[in-house]
Amino acid sequence: MTAPLAKIDATPYATPSSVWRLRTDAWEFLGYGSKQLTALATPGKGVTAAHQQMLVEVNRKLNVLEAIEPYWAVPGKAHLATLRARIEDGDYPAALDLVEPVTRGFARFRHEVDDRATDLDPEAQPNDQTPMADRRPRFEVLVVDDISETVREELFAEMAGQRRESDAFTYQVNVVPSLEDALIAVMLNPTIQACILRPGFAVSARNRPGEDLRRYLDGLLDPGLPQFTPKARILSLADTLKELRPELDLYLVADVSIEDLAGSSNRRFNRLFRREESMELHLSLLGGVAERYETPFFDAVQHHSRKPAAVFHALPISRGGSVVNSRWIKDMGEFYGLNLLHAETSATSGGLDSLLDPHGSIKRAQDLAARAFGARRSYFVTNGTSTANKIVHQSILAPGDVVIADRNCHKSHHYALMLAGAQVAYVDAYPLNEYAFYGAVPLKALKSMLLDYRRAGRLDEVKMVTLTNCTFDGIVYDVERVMEECLAIKPDLVFLWDEAWFAFAGFHPIFRRRTAMAAAARLQANFKDPAYRARAKAQRAALFDPETGEPVDDAAWLRTRLLPDPDATRLRVYATQSTHKTLTALRQGSMIHIFDEDFSHLNEVTFNAAYMTHTSTSPNYQILASLDIGRRQAELEGFELVQRQAYLALSVAQAVARHPLLKKYFRVLNTLDLIPEEYRETRRPMPLRDGIAAMDEAWRTDEFVMDPSRLTLHIGNTGVDGDTFKHKYLMDLHGIQVNKTSRNTVLFMTNIGTSRSAVAYLIDVLVKLAEHFETERAEMSPRALAARQAKAARLLATPPPLPDFSRFADKYRSGAHTVDGDIRTAYFTTYKNDACGYIMPKELIDRVRAGEEIVSAGFVTPYPPGFPILVPGQVFTKEILSFMAALDTREIHGFDAELGFRIINDVPAPRERG
Ligand SMILES: Cc1ncc(COP(=O)(O)O)c(C=O)c1O
């Protein structure tokens, strides 16, 4: 027997996003440690130095786990206590027997210990919570109550007694004593799907939380909480749990005054129970998870595919008809599997709901998506966010409406605005000249532009603002603030947030705050808050001249953090998401989420018409089913997966920063590189690296923040440009796919499917490449080396500044003091052959230098960087020409090597507006 091991009293773990790793690593180390201790223990010889050293290490891991495991039901505190006792007894083989089932569980279920795959010590789950060996999904239920061990055991027994073989899911129950413990538990343990609140809980955590969590909790909790009445505490805990993880089912179990609580708590709790109703509670727990598990359209497709049917309909592939009997394309069925063919169907063949007029399973699936993403309505789109954007633009805009659009937006917006006949006012994002791409649009630029329109007497024409959040490179707006301040200037402004890259964000509390839907909901709540209303009223008094009722000077409006008039404002917010880019969905699966207070009386009809305009009458049902499944996954495990993807990206960044050879050739660009100081209040290069509290602080205060799951790797020191690095070194040599480069950077993204081993592979490949560059340089001739170094110097030097977007030719503009242009008239001019011609670069340069106004007939887009530098109707400026001359770009869309640039020769009169 060895001496008792020293315990600690504070939770030593770093940050919630890394706990899953800390936990798996600690258990794995205990397995290794138990084996080592077995080998090191020599009977009769006492404890050697190596043995003692290993005991110290093992103790350290036990301490880590003793701080973490109370937040998990399985394997649980008791299992860990037994393990500690075995080690202290020197019975290391028995310790190993306790560890192995746990690590086996991790290997099979990511970081969750599945007790069905294990034979955990029965002491781990007193009162027989031993589950049935089956494949039903499992989850954990958190009970919040300060109860004795005996009562706890009775509770476990009572809940276990309700189980049935026919239950769709299994669950284990864990108890934490306090409100703070409950919040820590739901942040650390993603397997918790439901919480049962019982009024006896305490406020403070039993063990002192680690510094990071302490600060995070302080930011969440009302400082007056300890003085709250029991009822107020219950409501406060429920609200905070919902803020952290809105998907959780909450139940309240109380003996007395349940009726008193009922009125104020219905909104927060799925149901209220009296203590004796444990069967009802059990069924509700299962029912709550079943509601999220439900996939109405996927189920309908499966059901349909199993029904016998003969196909006399225009879909030869249906039921595999044209494939399985073919002599030549059988391999299609073999590769994709027969289910895919059996599932192929169409609305017009009957039996399944129709996307163009949904009333059944598609409608229900869309309603569930709206709940999951916090929208009032959600619509599925089968042709990507490119189409989703066109639908929203068309639904809102009539010809002549002014739209403020990020000049750096995805091309689908430009095309949509051209189709809609909008007057487009492009606004510039801040440039990142050193890396040759753009950041995001500063709020000040948006406000200035709105104020320009107000000054020009044209504010009523401005209908919509459209921005990309987050940008391709991971720059994230303060969505709430942007909408708040813009609405203060124009209270009925519509917002389209292109969240093509941000669908995952709704499933983590910090990311979620910067999504369009969450920001809209918060603004709506603020508008009802008397304190907010009073502040807004006081501000209006200062910003309008009391005599004339006119706004005071624009400088004051620019300086002030504006609050809209809650009574005049209408919240009209749209978000388009490529579900397929960041959540589980087949390619092209996208969604439109809507939070529009005027939708049903202003926009529903035009939205439906726009939806009809752009949606195929033969939408792919597999894409729709995958959206339904993706939503299920996001609601049940999105929180865990989002945490994980951010953490994995961080681990790559840290590896690059620490490894001597990696840091010689590569550098991960951080917040300080990509977000200029004027747009930040915080100064941390990688907030998540410093913990969740640091990330929370930056995401609450800074104008722009970085999505930590994206890594922009600076590769200038390699002397290889981004495009070559991507194709030659990453793809061809190592099979690593990335989808964006700039002249000296490569963008890597983790996603919810990224594994630890994929990350390890990436780091390994980067090390190999760095070694390759090192060897190559060592063996190069002096002349080749000089050439390589010169190339690296060019890639490191700042290229010519990215040009501001050009301006529309006067003929296409509506006012001398505003910038919008009529992109559609310009575009259709190009259909008249005699109105257009071509010009070669040399002549173009000469004529522009001579002061001539030359107007582009098309979109001109160099790849990379990949954003249009001209749209139809805009003029070639000197800055644009020098930028293009300095670009070492092979591919320029809109430029024909033989003919040159297409230009408008004869600029027609602007079309009549009105
Ligand atoms: C910002 C942005 N919006 C929209 C799209 C188009 O999305 P999808 O590929 O789903 O059509 C993209 C595609 O990359 C994008 O980057």
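Per this entry, GLY837 is not counted among residues that are within 17 Å of ASP452 (Cβ to Cβ), at pLDDT below 95 and out of contact with any Ser or Thr (no Cβ under 8 Å at 6 or more places or on another chain). Among the residues making up segment 804-847, those that are free of Cβ contacts under 8 Å to residues at least 40 places away in the same chain and either part of a loop (DSSP other than H, G, I, E, B) or open to solvent by less than 10 Å² (accessible area, probe 1.4 Å) (or both) are ALA816, TYR831, LYS832. Note on segment 364-387: residues that are within 16 Å of the ligand (Cβ to nearest atom), within 20 Å of ALA300 (Cα to Cα) and open to solvent by 10 Å² or more (accessible area, probe 1.4 Å) total 2. Every residue in segment 411-427 that is among the β-branched types (Val, Ile, Thr) and either touching a residue at least 40 places away in the same chain (Cβ under 8 Å) or within 14 Å of the ligand (Cβ to nearest atom) (or both), please. Within segment 411-427, VAL424 is the sole residue that qualifies. Farther than 17 Å from TRP20 by Cβ and either at pLDDT 95 or above or part of a helix (DSSP H, G or I) (or both): is that true of ASN127 in this structure? In short, no. Of everything in segment 637-691 that is open to solvent by 30 Å² or more (accessible area, probe 1.4 Å) and of a type in the set (A, V, I, L, M, F, W, C), the residue that is farthest from SER709 (Cα to Cα) is LEU661. Considering the conditions (1) outside any helix (DSSP H, G or I); (2) open to solvent by 20 Å² or more (accessible area, probe 1.4 Å), PHE298 is excluded by exactly one of them, (1). Please indicate, with yes or no, whether at least one residue in segment 180-195 is part of a strand (DSSP E or B) and over 23 Å from HIS508 (Cβ atoms). Taking every residue of segment 180-195 in turn, none turns out to be part of a strand (DSSP E or B) and over 23 Å from HIS508 (Cβ atoms).
Tell me, yes or no, whether segment 43-55 has at least one residue that is open to solvent by less than 70 Å² (accessible area, probe 1.4 Å), outside any helix (DSSP H, G or I) and over 30 Å from ILE184 (Cα atoms). Yes: segment 43-55 contains one or more residues that are open to solvent by less than 70 Å² (accessible area, probe 1.4 Å), outside any helix (DSSP H, G or I) and over 30 Å from ILE184 (Cα atoms). Is it true that some residue in segment 454-475 is at pLDDT 95 or above, among the aliphatic types (A, V, I, L, M) and open to solvent by 10 Å² or more (accessible area, probe 1.4 Å)? Yes; the residues of segment 454-475 include at least one that is at pLDDT 95 or above, among the aliphatic types (A, V, I, L, M) and open to solvent by 10 Å² or more (accessible area, probe 1.4 Å). A Cβ distance below 9 Å, combined with a sequence gap of six or more or placement on separate chains, defines the contacts here; from segment 383-394, residues that are without any contact (Cβ under 8 Å) to a residue 24 or more places away in the chain and among the small types (Gly, Ala, Ser) reach no residue that is open to solvent by less than 10 Å² (accessible area, probe 1.4 Å) and near the ligand (Cβ under 7 Å from one of its atoms). What about ASP721, is it over 30 Å from GLN643 (Cα atoms), open to solvent by 20 Å² or more (accessible area, probe 1.4 Å) and either touching a Ser or Thr at 6+ places or on another chain (Cβ under 8 Å) or of a type in the set (Asp, Glu) (or both)? Judged against the criteria, ASP721 is a match. The residues of segment 14-42 that are among the polar types (S, T, N, Q) and either assigned to a helix (DSSP H, G or I) or surrounded by 20 or more Cβ atoms within 10 Å (Cβ to Cβ) (or both), listed by number, are THR15, SER17, SER18, THR24, SER34, GLN36, THR38. As a summary of the residue check, VAL860 satisfies the conditions (1) open to solvent by less than 50 Å² (accessible area, probe 1.4 Å); (2) modelled with pLDDT under 90; (3) under 25 Å from ASN744 (Cβ atoms) except for the one numbered (2).
Farther than 22 Å from SER814 by Cα and away from the ligand (no atom under 16 Å from the Cβ) - does that describe any residue in segment 460-475? No; the residues of segment 460-475 include none that is farther than 22 Å from SER814 by Cα and away from the ligand (no atom under 16 Å from the Cβ). Taken residue by residue, segment 388-403 has no member that is surrounded by fewer than 19 Cβ atoms within 10 Å (Cβ to Cβ), within 16 Å of the ligand (Cβ to nearest atom), within 22 Å of THR613 (Cα to Cα) and not charged (D, E, K, R). Filtering segment 480-512 to residues that are open to solvent by 20 Å² or more (accessible area, probe 1.4 Å) and under 15 Å from GLY638 (Cβ atoms) leaves only ARG512. Cβ-Cβ contacts under 9 Å between residues 6 or more apart (or on different chains), taken from a first residue in segment 431-457 that is closer than 28 Å to ILE715 by Cα to a second residue that is buried (at least 16 other Cβ atoms within 10 Å of the Cβ) and basic (Lys, Arg), are listed as TYR435/ARG743; ALA436/ARG743; PHE437/LYS740; TYR438/ARG407; VAL441/ARG407. Is it the case that segment 428-446 has a residue that's away from the ligand (no atom under 16 Å from the Cβ), surrounded by fewer than 24 Cβ atoms within 10 Å (Cβ to Cβ) and under 15 Å from PHE495 (Cβ atoms)? Yes: one or more hits. Of all residue pairs spaced 6 or more apart or on separate chains, those with beta-carbon atoms under 6 Å, a first member in segment 624-636 that is on the phi < 0 side of the Ramachandran plot and a second member that is β-branched (Val, Ile, Thr) are ALA625/VAL301; LEU627/THR579; ASP628/THR295; ILE629/THR295; GLY630/THR579; GLY630/THR584; ARG632/THR295; GLN633/THR584. Among the residues of segment 598-615, none is identified as touching a helix residue (DSSP H, G or I) at 6+ places or on another chain (Cβ under 9 Å), assigned to a loop (DSSP other than H, G, I, E, B) and away from the ligand (no atom under 14 Å from the Cβ).
Of the set (1) within 16 Å of the ligand (Cβ to nearest atom); (2) under 18 Å from MET449 (Cβ atoms); (3) surrounded by fewer than 24 Cβ atoms within 10 Å (Cβ to Cβ), all apply to ASN408 but (3). Can you name every residue in segment 863-882 that is modelled with pLDDT under 80 and open to solvent by less than 20 Å² (accessible area, probe 1.4 Å)? If the condition is that a residue be modelled with pLDDT under 80 and open to solvent by less than 20 Å² (accessible area, probe 1.4 Å), then PHE867 is the only one that fits.
Residue-by-condition table, conditions (1) among the hydroxyl-bearing types (Ser, Thr, Tyr); (2) open to solvent by 10 Å² or more (accessible area, probe 1.4 Å); (3) in contact (Cβ under 8 Å) with a residue 24 or more places away in the chain:
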{"site": "LEU179", "(1), (2), (3)": "no, no, yes"}
{"site": "MET187", "(1), (2), (3)": "no, no, yes"}
{"site": "PRO223", "(1), (2), (3)": "no, yes, no"}
{"site": "PRO230", "(1), (2), (3)": "no, yes, yes"}
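The values are calculated or read from the model by the stated rules, or taken from the named source; none is laboratory data. Computed from a prediction, not measured in an experiment: that's the story for all the values here. All Cβ positions, even for glycine, are placed from backbone atoms using ideal geometry, and neighbour counts span all protein chains on display. The area values use the complete protein model at the heavy-atom level, side chains included, leaving out ligands, DNA and RNA. Shrake-Rupley method; radii C 1.70, N 1.55, O 1.52, S 1.80 Å.
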